[in-house]
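Engineer: One structure is given below, represented as structure tokens, and several questions about it will come after.
Values quoted throughout were computed directly from the atomic coordinates according to the rules given, and no laboratory measurement underlies them. All of these numbers come straight from a predicted model, not from anything done at the bench. Ideal geometry is used to build each Cβ from the backbone, glycine not excepted, and the neighbour counts take in all protein chains shown.
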Amino acid sequence: MALRHAVLAALLDGEFSGYQLAKAFDVGVANFWHALPQQLYAELTRLEREGMVTGRQVVQETRPNKRLFRVTDAGLAELERFAAAVSKPAFIRDDLLVKVQAADRIDTGPVIGQLEERAAAADAKVKLFGELLRRMRGDTDEEEFLSRGTRIGPYLTCLRGLAFEEGHRDWCLRIAGVLRARRSAARTPR
């Protein structure tokens with residue numbers, strides 16, 4: 001997947017400025033695609049040049065003018081082509097896992113601390129995703145929203161983000177506990 005597809009998908013909810021798009025990426029899209037704001041602005045420029053999005057200038061009195069972007073029919077057709085293509089499997093590439101892999105031969109104290117930090121960060125994201133999901137579905141219960149909600153895609157990707165962060169948090173806490181117990185046992189004379 002290219003950044004262009006993530007940008008096009010994010011713009012399906014309406015017109016966004018580059019700033020609003022960056023905020024949307026921070027909150028929802030970041031759970032499956034990370035991009036820096038400058039990458040988003042550059043991609044919007046390319047997509048507009050290629051006719052995948054259209055932008056319009058909004059004159060503002062007290063602030064600088066801004067441009068709002070929306071997906072064109074050509075952009076929607078590109079998303080259709082992308083959706084029809086076979087997806088490549090995801091893979092994990094995480095330096096913390098390299099450290100855990102080496103746990104038998106290194107001091108695991110710093111690794112335990114990093115695992116606990118990661119678990120805390122994941123827990124914060126779990127709370128964020130939970131709130132985001134509640135906001136998206138409003139007063140509707142989840143099963144009702146899943147069967148009848150009007151814009152289901154962002155909800156489904158947030159569910160994936162929630163499951164990922166819960167699993168990541170739980171794994172980090174478990175492994176920190178295992179390493180801590182092994183470290184304690186190694187210090188205890190037999």
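Engineer: With charges set only on the Cβ (+1 for Lys and Arg, -1 for Asp and Glu), what does the dipole of region 95-187 come to about its Cα centre, in debye to the nearest 20? If you can, show how the numbers build up before the last one.
Structural biologist: Details: 17 positive and 15 negative charges, 72 e Å.
The dipole of region 95-187 has a size of about 340 debye.
Engineer: Separate question: Past the 25 Å Cα-Cα mark, which pairs from Lys23/Lys127; Lys66/Lys88; Lys23/Lys99; Lys23/Lys125?
Structural biologist: Numbers: Lys23/Lys127 18 Å; Lys66/Lys88 36 Å; Lys23/Lys99 33 Å; Lys23/Lys125 15 Å.
Correct reply: Lys66/Lys88; Lys23/Lys99.
Engineer: For Leu12 and Phe164, calculate 0.36 nm times their separation in residues minus their Cα-Cα distance, and state this gained length in nm to one decimal.
Structural biologist: Values: separation 152, 0.36 × 152 = 54.72 nm, distance 2.41 nm.
Taking 0.36 nm per residue and subtracting the Cα distance, the gain is 52.3 nm.
Engineer: What whole-number distance in Å separates the alpha-carbon centres of region 32-71 and region 122-190?
Structural biologist: Cα centroid to Cα centroid, the span is 32 Å.
Engineer: Choose one of Ala24, Leu47, Thr62: the residue whose Cα lies farthest towards the positive end of the charge dipole of region 1-83 (beta-carbon charges +1 Lys, Arg; -1 Asp, Glu; about the Cα centre).
Structural biologist: Thr62
Engineer: What order do you get for 85-93, 69-77 when each peptide is scored by the mean count of other beta carbon atoms within 10 Å, highest first? Could the numbers behind the result be given before it?
Structural biologist: Values: 85-93: 6.0, 69-77: 17.2.
Highest mean packing first, the order is 69-77, 85-93.
Engineer: Which value, to two decimals, describes the C-alpha radius of gyration of region 3-84 once divided by 2.2 N^0.38 Å? Walk me through the numbers on the way to the answer.
Structural biologist: Working: Rg = 12.4 Å, N = 82, 2.2 N^0.38 = 11.7 Å.
The reported ratio for this selection is 1.06.
Engineer: Rounded to the nearest 20 debye, what is the charge dipole size of region 31-190 about its Cα centre when +1 sits on each Lys and Arg Cβ and -1 on each Asp and Glu Cβ? Let's see the in-between values first.
Structural biologist: On the way: 28 positive and 23 negative charges, 112 e Å.
Dipole size: approximately 540 debye.
Engineer: How compact is region 95-187 by the rule of thumb for globular proteins, expressed as Cα Rg over 2.2 N^0.38 Å?
Structural biologist: Working: Rg = 17.9 Å, N = 93, 2.2 N^0.38 = 12.3 Å.
Here the answer is 1.45, to two decimals.
Engineer: Provide the net charge surrounding Gly149, with neighbours chosen by a C-beta distance below 10 Å and charges set as Lys +1, Arg +1, Asp -1, Glu -1.
Structural biologist: Numbers: positive: Arg137, Arg148, Arg151; negative: Glu142, Glu144.
Net of charged neighbours comes to +1.
Engineer: Stretch Thr62-Met136 to full length: gain in nm at 0.36 nm per residue minus the Cα-Cα span? Each step should come with its number before you reach the end.
Structural biologist: Values: separation 74, 0.36 × 74 = 26.64 nm, distance 3.16 nm.
That pair, Thr62 and Met136, stretches by 23.5 nm at full extension.
Engineer: Semi-axes of the equivalent ellipsoid for the chain, please: Cα gyration tensor eigenvalues, times 5, square-rooted, ordered largest first, whole Å.
Structural biologist: Working: eigenvalues 327, 76, 57 Å².
Result for the chain: semi-axes of 40, 19, 17 Å.
Engineer: A follow-up question, please. Going by average Cβ density within 10 Å per residue, which order do the peptides 8-14, 61-67 take, highest to lowest? Mind showing how you got there, number by number?
Structural biologist: On the way: 8-14: 18.1, 61-67: 8.9.
So the peptides 8-14, 61-67, ranked by packing, come out 8-14, 61-67.
Engineer: May I ask you to order 172-178, 108-114 by the average number of other C-beta atoms within 10 Å around their residues, highest value first?
Structural biologist: Values: 172-178: 17.4, 108-114: 15.7.
Going by the mean number of other Cβ atoms within 10 Å, highest first, we get 172-178, 108-114.
Engineer: Take each complete run of DSSP H in the chain, measure how far its Cα atoms stretch along the helix's own axis, and keep only those covering 15 Å or more with mean Kyte-Doolittle hydropathy at least -0.5; list them. The partial results should precede the final answer.
Structural biologist: Values: long enough: 37-49 (18 Å, -1.03); 73-84 (16 Å, 0.18); 109-137 (42 Å, -0.15); 153-187 (51 Å, -0.22).
Taking the DSSP H segments of the chain (at least 15 Å long, mean hydropathy at least -0.5), we get 73-84, 109-137, 153-187.
Engineer: Quick one: net charge around Gly177, please, counting Lys, Arg +1 and Asp, Glu -1 for every other residue with C-beta under 14 Å from its C-beta. Could you put the intermediate results ahead of the total?
Structural biologist: Working: positive: Arg118, Arg169, Arg174, Arg180, Arg182, Arg183; negative: Glu116, Asp170.
My count for the surroundings of Gly177 gives +4.
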